[in-house]
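Trainee: Quick one: this structure, given as structure tokens, is what I'll be asking you about.
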Amino acid sequence: MEHFYVITNPTKDAELKTACSVREYLISHGTTCIVDEGTIKADREGYTYKEQVSGEIDCIIVVGGDGTLLQAAIDLADRDIPFLGINLGTLGFLAEVNRTGIEAALDKLMKNEYEIEKRMMLCGKSYHTEGIKDEARALNDIVITRKGSLQIINFNIYVNGQFLHRYHADGMIISTPTGSTGYNLSAGGPIVEPKAELILLSPICPHSMQNRSIVLSSGDVVVVEIESSRDGENQEVEAIFDGSHKVSLCTGERIEIKKSEKTTGIVKLSKVSFLEVLHRKMSD
């Protein structure tokens with residue numbers, strides 16, 4: 001690799017010190033490197049200036065943590081460029097390089113000593129009575145959750161056009177294998193090897209005795225249809241993509257979720273397996 005682009009989380013990387021040190025190290029070894037300023041703008045989501053990411057970029061280095069990498073993956077979902085995460089927080093599942101291993105990691109990148117894992121993404125397309133309302137992608141999950149006052153959400157789940165179940169719950173998590181160790185895990189969902197291709201459905205605090213996650217094929221199409229409340233009033237919920245992009249849905253509207261045609265490439269430098277990382281996390 002010879003051409004790099006650095007995206008940093010300005011709240012974790014004060015004054016962009018880590019990002020700039022990465023740039024200086026790479027340039028001193030004969031490569032090119034651009035640092036994104038990382039300024040959050042009110043008129044757009046994320047903090048990536050996509051216009052600066054040219055087609056010659058070989059790798060995007062993300063400084064911050066798993067959340068920063070997720071946002072960068074969504075910002076640049078239409079680009080086929082792999083990501084390397086540098087973690088400035090606790091041990092993550094996506095950002096595998098820590099502060100003390102930065103230079104060694106950069107050396108491996110420049111020597112082409114790495115592998116790239118292709119991670120499945122989700123595409124969520126919401127509809128109202130007049131047609132398509134919104135469309136976005138997620139690497140981790142799409143969460144349907146209540147909006148405003150505390151209330152039970154009534155919604156129907158369809159898979160490939162066939163009715164599956166009517167839920168009364170606080171929400172629903174539709175997750176990729178990459179996202180299985182996130183909110184899905186907290187809600188009691190299964191942990192899945194991140195390179196797998198599956199769709200996970202996990203209800204959030206269902207108001208019934210049937211609290212079970214459902215594992216579907218990556219080729220399945222899931223539709224979540226919002227019903228009226230038990231007293232017949234209009235319900236308003238939010239579909240949240242990887243914790244950032246949000247779209248409001250109300251009674252009678254629906255969101256269709258399926259495997260995205262796009263994938264996210266994650267650069268793997270170490271030989272530490274997912275099971276080893278999982279063991280460490282479970283031992284904390």
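The values are calculated or read from the model by the stated rules, or taken from the named source; none is laboratory data. All values derive from a computational prediction rather than experimental measurement. Backbone-built Cβ (ideal geometry, glycine too); neighbour counts: all protein chains shown. Quick note on the areas: whole protein, heavy atoms, side chains included, nothing else; ligands and nucleic acids left out. Shrake-Rupley method; radii C 1.70, N 1.55, O 1.52, S 1.80 Å.
Trainee: Go through (1) more than 22 Å from the chain's Cα centre (by Cα); (2) open to solvent by 30 Å² or more (accessible area, probe 1.4 Å); (3) not polar (S, T, N, Q) and name the single condition PHE155 misses.
Mentor: Tallying (1) more than 22 Å from the chain's Cα centre (by Cα); (2) open to solvent by 30 Å² or more (accessible area, probe 1.4 Å); (3) not polar (S, T, N, Q), PHE155 fails exactly one: (2).
Trainee: Tell me, please, whether a residue that is out of contact with any Ser or Thr (no Cβ under 6 Å at 6 or more places or on another chain), of a type in the set (S, T, N, Q) and at pLDDT 90 or above can be found in the range 29-46.
Mentor: Yes, because at least one residue in the range 29-46 is out of contact with any Ser or Thr (no Cβ under 6 Å at 6 or more places or on another chain), of a type in the set (S, T, N, Q) and at pLDDT 90 or above.
Trainee: SER213 - would you say it is of a type outside the set (Lys, Arg), surrounded by fewer than 16 Cβ atoms within 10 Å (Cβ to Cβ) and closer than 22 Å to GLY189 by Cβ?
Mentor: no
Trainee: Among the residues of the range 247-273, how many are of a type in the set (A, V, I, L, M, F, W, C) and under 22 Å from LEU201 (Cα atoms)?
Mentor: Taking the range 247-273 and keeping what is of a type in the set (A, V, I, L, M, F, W, C), we get 247, 249-250, 255, 257, 266-267, 269, 272.
From the residues that got through so far, the ones that are under 22 Å from LEU201 (Cα atoms) too are 247, 249-250, 255, 257.
Matching residues across the range 247-273 total 5.
Trainee: A follow-up question, please. Scan the range 252-268 and give yes if some residue there is within 21 Å of the chain's Cα centre (by Cα), open to solvent by 30 Å² or more (accessible area, probe 1.4 Å) and at pLDDT below 90, otherwise no.
Mentor: No: zero hits.
Trainee: Let me ask something else about it. Which of the residues spanning the range 171-194 are assigned to a loop (DSSP other than H, G, I, E, B), open to solvent by 20 Å² or more (accessible area, probe 1.4 Å) and small (Gly, Ala, Ser)?
Mentor: Matches in the range 171-194: GLY182, ALA187, GLY188.
Trainee: Another one. Might you check whether a residue that is open to solvent by 50 Å² or more (accessible area, probe 1.4 Å), over 29 Å from LEU16 (Cα atoms), touching a residue at least 12 places away in the same chain (Cβ under 8 Å) and in contact with a strand residue (DSSP E or B) (Cβ under 7 Å, 6 or more places away or on another chain) occurs anywhere in the range 120-140? Can you show your working first?
Mentor: In the first step, residues of the range 120-140 are kept if they are open to solvent by 50 Å² or more (accessible area, probe 1.4 Å); the result is 128-130, 132-133, 135, 137.
Next cut, over 29 Å from LEU16 (Cα atoms) only: 128-130, 132-133, 135.
Remaining after also requiring touching a residue at least 12 places away in the same chain (Cβ under 8 Å): 128-129, 133, 135.
In the following step, the residues that additionally are in contact with a strand residue (DSSP E or B) (Cβ under 7 Å, 6 or more places away or on another chain) were identified as 133, 135.
Checked the range 120-140: at least one residue is open to solvent by 50 Å² or more (accessible area, probe 1.4 Å), over 29 Å from LEU16 (Cα atoms), touching a residue at least 12 places away in the same chain (Cβ under 8 Å) and in contact with a strand residue (DSSP E or B) (Cβ under 7 Å, 6 or more places away or on another chain).
Trainee: Return the total of residues in the range 220-243 being touching a strand residue (DSSP E or B) at 6+ places or on another chain (Cβ under 9 Å) and open to solvent by 20 Å² or more (accessible area, probe 1.4 Å). Spell out how you get there, then give the answer.
Mentor: First pass over the range 220-243, keeping only residues touching a strand residue (DSSP E or B) at 6+ places or on another chain (Cβ under 9 Å): 220-230, 234-243.
Okay, now just the ones that are also open to solvent by 20 Å² or more (accessible area, probe 1.4 Å), so 220-221, 223, 225, 227-230, 234, 236, 238, 240, 242-243.
Total meeting the criteria: 14.
Trainee: Oh, and also: Give me a count of the residues in the range 54-76 that are within 15 Å of the chain's Cα centre (by Cα) and open to solvent by 10 Å² or more (accessible area, probe 1.4 Å).
Mentor: Qualifying residue count for the region: 6.
Trainee: Does ILE173 satisfy the criteria of being closer than 19 Å to ASP66 by Cα and of a type in the set (A, V, I, L, M)?
Mentor: Values: closer than 19 Å to ASP66 by Cα: yes; of a type in the set (A, V, I, L, M): yes.
Against the criterion (closer than 19 Å to ASP66 by Cα and of a type in the set (A, V, I, L, M)), ILE173 qualifies.
Trainee: So which residues in the range 190-239 are modelled with pLDDT under 90 and of a type in the set (Ser, Thr, Tyr)?
Mentor: Within the range 190-239, SER208, SER228, SER229 meet the criteria.
Trainee: With touching a residue at least 12 places away in the same chain (Cβ under 8 Å), loosely packed, with under 13 Cβ neighbours inside 10 Å and over 23 Å from the mean Cα position of the chain (by Cα) as the only criterion, which of ARG99, ARG166 stands out?
Mentor: Answer to the check: ARG166.
Trainee: While we're here: When you go through (1) assigned to a helix (DSSP H, G or I); (2) surrounded by fewer than 16 Cβ atoms within 10 Å (Cβ to Cβ); (3) in contact (Cβ under 8 Å) with a residue 40 or more places away in the chain; (4) not β-branched (Val, Ile, Thr) one by one for ASN112, which number turns out not to apply?
Mentor: (1)
Trainee: Among the residues of the range 203-222, are any within 18 Å of TYR127 (Cα to Cα) and in a strand (DSSP E or B)?
Mentor: yes
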